[in-house]
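A short write-up of the structure that comes next.
Please treat every number below as a calculation from the coordinates, not as lab data. These numbers were taken from a predicted model, which means no experiment stands behind them. Using ideal geometry, Cβ is built from the backbone for each residue, glycine included, and neighbour counts are taken over all protein chains shown.
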Amino acid sequence: MTLVIGVDVGGTSAEGVVLDENGEEVARGTSSGAIVTLQDPDSAAAAVTNTVRSAAVDGEIRLPVSVLWAGLAGAGSQAARRIIEDKLSGTGLADTVQVGTDVEAAFFDAFGSGPGVLLIAGTGSIAWGRNEEGRVGRVGGWGEHLGDEGSGFAIGRDALRALLRFEDGRGDPTSLKASVLEYLGLEKPRNIISWVSAATKGQVSALVPLVVREARDGDKVAKGILSLAVAELQSHVNGILRQLSPWAEVPVLALHGGLVASGGPLREPVSRSLVTLRLKLFEGEVDSPRGAARLALQTTIST
């Protein structure tokens, strides 16, 4: 029986899905995530490897499978894709290895080869779309230094900035100061400098629940941080609609990522903010590793 596996690797976590030749799910596996960088490709390759092996254990599967399609955050360039493919080839995970982005995997799960708009807001943020003519557009996804507006990383970073501004007397009072310092186990705000210099994007994003809690308890600064995130995500979608206009029909919007997926802290406010755009909301949940596995299965069919 032909088996394929798709892996979705984000900044925080990774998940893999094994499908049989009929597209039926056989197993799943999880691991810690990683962002692809040309300086440290080994971390991303290790995340894929650990996820594949976890899925193999879950399904009692003997490796290699036929095709591995790995969608990774940060794999937008050909150079990044090639280096990860080289790292994974010859590891015994699959006969054929293909690398793309986590965005491609999520979009394929929601829309296949058809039109639609996908907004991802998790550790990072990006909007991606395809119109009826097949034109593709992208907004955001520029990384933590130049982009990631509205993401978990941006919210966590803004929380740190807000409490430091309060400490300086430059910003409004906020309960984030006490809650963040307690969570991080730090005695003084100045200790944040050394902490954040060594922190990963995932660790900064882990501050989001604190911001959500303080906002619900009435903290105006925390509310402002979340409102800004919602506005930034709406601007991502606006950008895609403008890039790919005119649309023959009202496009469908799929929301994906820890912040905006079902049950996510920004799901409802983002959905409300997009009502004015007259978009249809995608029904169901986007499953990125399943989308990656379907891309792997498509490879076996085309060959």
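General remarks:
- Antiparallel DSSP beta bridges within the chain, percent to nearest 5: 60
- Residue-averaged 222 nm ellipticity for the chain, from DSSP H runs of 4+ at -39500 (n - 2.57), nearest 500: -14000 deg cm²/dmol
- Where Cα atoms sit under 25 Å apart: lysine pairs in the stretch 114-283 separated by 8 or more or lying on different chains: 9
- Multiplying each eigenvalue of the alpha-carbon gyration tensor of the stretch 161-220 by 5 and taking the square root yields semi-axes of 18, 15, 9 Å, largest first, rounded to whole angstroms.
- Two tests apply to each whole DSSP H helix in the chain, Cα reach of 30 Å or more along its axis and mean Kyte-Doolittle hydropathy of at least -0.5, and the ones passing both are 220-243.
- Three-way shape label, the stretch 221-303, alpha-carbon gyration tensor, a/c 1.5: oblate
- R0 of 22 Å, Cβ-Cβ distance Asp58-Thr300: FRET efficiency to nearest 0.05: 0.55
- Structure-derived mean projected area of the Cα convex hull in nm² - corresponding label in [x] 19.3; [y] 16.5; [z] 22.8: [y]
- Contact order for the stretch 50-201, expressed relative to its length and based on alpha carbon pairs under 8 Å spaced 6+ residues apart, stands at 13 percent.
- Spin-label pair Ile193-Arg216: with each label point 7 Å from Cα along the Cα-Cβ axis, the two points sit 3.5 nm from one another.
- The chain - charge dipole about Cα centre, Lys and Arg +1 at Cβ, Asp and Glu -1, debye rounded to 20: 860
- Over the stretch 146-218, relative contact order from alpha-carbon pairs under 8 Å, at least 6 apart, %: 43
- Restricting the trypsin sites (Lys or Arg not before Pro) of the stretch 193-295 to loop positions (DSSP other than H, G, I, E, B) with no more than 13 neighbouring Cβ atoms within 10 Å leaves Arg278.
- Estimated from the Cβ-Cβ distance and a Förster radius of 35 angstrom, the FRET efficiency linking Asn22 and Ala79 is about 0.45.
- Cα gyration tensor category, rounded, prolate or oblate, for the stretch 3-100 with a/c compared to 1.5: prolate
- Shape category assigned to the stretch 114-283 from the gyration tensor of Cα positions, a/c cut at 1.5: prolate
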